[in-house]
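Comments concern the structure below.
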Amino acid sequence: MIASLSVRAADAGKGKTLFQQNCASCHNVHKQVTGPALKGVEERWSDKKLLHQWIHNSSSVVASGDAYAVKLFNDFNKQVMPGFPAFTDADIDDILAYIADESTKEVGPKKGDGPTPGGSTEDGGNNSLLFGIITLILAIVALILMQINSNLNKLAGDKDGVPTPDPVPFYKNKAYIALVILLLFIVGGYYTINGAIGLGRQKDYMPEQPIFYSHKVHAGVNQINCLYCHAGAEKSKHAMIPSENICMNCHKTISEYGGADLYTAEGKKVNGTAEIQKLYDHVGWDKKAQAYTKPGKPIQWTRIHNLPDHVYFNHSQHVVAGKQQCQTCHGAITEMDEVHQFAELSMGWCVNCHRTTKVQFADNKYYSIFEQFHQQVKEGKIDSVTVEMVGGTECQKCHY
């Protein structure tokens, strides 16, 4: 009984935060996205310890030969689920509690069958517009009623023989004019502030590229490691746009596309072989002669993810020291035929991530200098350390 009282109750609210920061890019509770739908996930595993191990390191569970783990691995084209070794058992229980709570809720009807860049709809923006229209209508009705009331008072006064001055037309009434000016000031200020806050943000930005390059085909179906093309992600501040010779390592021999049909976001069918030919045209490759016969010219890719000049961001720090997966910031990249900006990449978005993301202290020499935190973890005073606790929300970390 005493032992049972010491067990920590799962916190679905905390689990929701962890889920949205770490899992939502690949998983949905009610439907399959990059990974399976998570409703009833605990019932699908024979042992909860195996589920915890799967979340920490899915490859180890597959290697153990567990039947369900192997089936899951094969069902999703042998795509390895990113591990979360920094999660404590309590963190996982919080996430499972959130999933269980969310599973009881009904799924609302879809607004449309077509895909939306970023995978979500902005209900909040629609509601704000609706509330604004309702407020405007009510304000107009109120002005009309006030004018009617003024006219009725004059009629009643005339009937009783009490002289009443003619009502001032609403467009000359100083009170009405002041009210309209105040209303315009509030509405104008609201949209000005929102516009200023959103200045430079380009969530869901998806430009047309000079060559239709499908991350879904390369990183998803063919499981090419992200670091093969973006080698700078673990070594440099910038992830790096791969040079054409990296493409040609494979496409010297792969000159025709024979996979699933490709479509643009507008639904236009893409000829994959013709897109490979565009690559050949840029590098000057003659597939018949199997040689470079013309001078090459650079591919003018359009950059998608941009941060202001005064913001410091280092890919290697997040990938190597922070152990972050590409999907944390870039979304379900292995499901994107055309890449779009998944996250806002705003200051608030980054700060919230730093407040909730756990630092992986174990086997991570980068954090060996934080002896006090290591000692507190050993003594049980704290169960984990967040990025915020090691200075991740200090101004000078990102602005210099």
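The values are calculated or read from the model by the stated rules, or taken from the named source; none is laboratory data. All of these numbers come straight from a predicted model, not from anything done at the bench. Quick reminder, even Gly has a Cβ in these numbers, built from the backbone with ideal geometry, and neighbours come from all protein chains shown. Note: accessible area is taken over every heavy atom of the protein model, side chains too, but ligands, DNA and RNA are not part of it. Shrake-Rupley method; radii C 1.70, N 1.55, O 1.52, S 1.80 Å.
Checked against (1) among the acidic types (Asp, Glu); (2) under 23 Å from the mean Cα position of the chain (by Cα); (3) modelled with pLDDT of 90 or more, Glu43 meets all criteria but (2).
Considering Leu199, Leu138, Leu184, the condition of being among the hydrophobic types (A, V, I, L, M, F, W, C), at pLDDT below 85 and surrounded by fewer than 11 Cβ atoms within 10 Å (Cβ to Cβ) is satisfied by Leu199 alone. Of Glu106, Glu122, all but one fail to be at pLDDT below 80, under 27 Å from Ala37 (Cβ atoms), of a type outside the set (Ser, Thr, Tyr) and exposed (fewer than 10 other Cβ atoms within 10 Å of the Cβ); the exception is Glu106. Would you pick out the residues in region 34-45 that are under 20 Å from Phe84 (Cβ atoms) and either surrounded by fewer than 16 Cβ atoms within 10 Å (Cβ to Cβ) or without any contact (Cβ under 8 Å) to a residue 60 or more places away in the chain (or both)? Matches in region 34-45: Gly35, Pro36, Ala37, Val41, Glu42, Arg44, Trp45.
Taken as a whole, the structure leaves Asp204 outside the set of residues that are loosely packed, with under 13 Cβ neighbours inside 10 Å and either among the acidic types (Asp, Glu) or under 30 Å from Val283 (Cα atoms) (or both). The residues in region 76-97 that are assigned to a helix (DSSP H, G or I) and without any contact (Cβ under 8 Å) to a residue 24 or more places away in the chain can be counted, and the count is 0. Look at region 171-191: where a residue is free of Cβ contacts under 8 Å to residues at least 12 places away in the same chain and a partner is part of a loop (DSSP other than H, G, I, E, B) and of a type in the set (Ser, Thr, Tyr), sitting 6+ places away or on another chain with Cβ atoms under 8 Å, you get Ile177/Tyr171.
Taken over region 156-180, the criterion of being in a helix (DSSP H, G or I) and either exposed (fewer than 10 other Cβ atoms within 10 Å of the Cβ) or among the small types (Gly, Ala, Ser) (or both) is satisfied by Ala156, Gly157, Lys159, Lys174, Ala175, Ala178. Close Cβ contacts (under 8 Å, 6 or more residues apart or on different chains) running from residues in region 242-270 that are without any contact (Cβ under 8 Å) to a residue 60 or more places away in the chain and hydroxyl-bearing (Ser, Thr, Tyr) to residues that are in a loop (DSSP other than H, G, I, E, B) and open to solvent by 30 Å² or more (accessible area, probe 1.4 Å) comprise Ser255/Lys287; Tyr257/Asn271. Asp281 passes every criterion in (1) in contact (Cβ under 8 Å) with a residue 40 or more places away in the chain; (2) more than 26 Å from Met81 (Cα to Cα) apart from (1).
The residue of region 214-223 that is most open to solvent (accessible area, probe 1.4 Å), among those that are in contact (Cβ under 8 Å) with a residue 12 or more places away in the chain and part of a loop (DSSP other than H, G, I, E, B), is Gln223. Taken over region 46-74, the criterion of being touching a residue at least 24 places away in the same chain (Cβ under 8 Å), farther than 27 Å from Ala9 by Cα and open to solvent by 40 Å² or more (accessible area, probe 1.4 Å) is satisfied by Ser59, Tyr68.
Within region 261-271, identify whether any single residue is touching a helix residue (DSSP H, G or I) at 6+ places or on another chain (Cβ under 8 Å), assigned to a loop (DSSP other than H, G, I, E, B) and surrounded by 14 or more Cβ atoms within 10 Å (Cβ to Cβ), and answer yes or no. No, that holds for no residue. For region 224-237, state whether one or more residues are among the charged types (D, E, K, R), out of contact with any Leu (no Cβ under 6 Å at 6 or more places or on another chain), part of a loop (DSSP other than H, G, I, E, B) and open to solvent by 80 Å² or more (accessible area, probe 1.4 Å). Checked region 224-237: at least one residue is among the charged types (D, E, K, R), out of contact with any Leu (no Cβ under 6 Å at 6 or more places or on another chain), part of a loop (DSSP other than H, G, I, E, B) and open to solvent by 80 Å² or more (accessible area, probe 1.4 Å).
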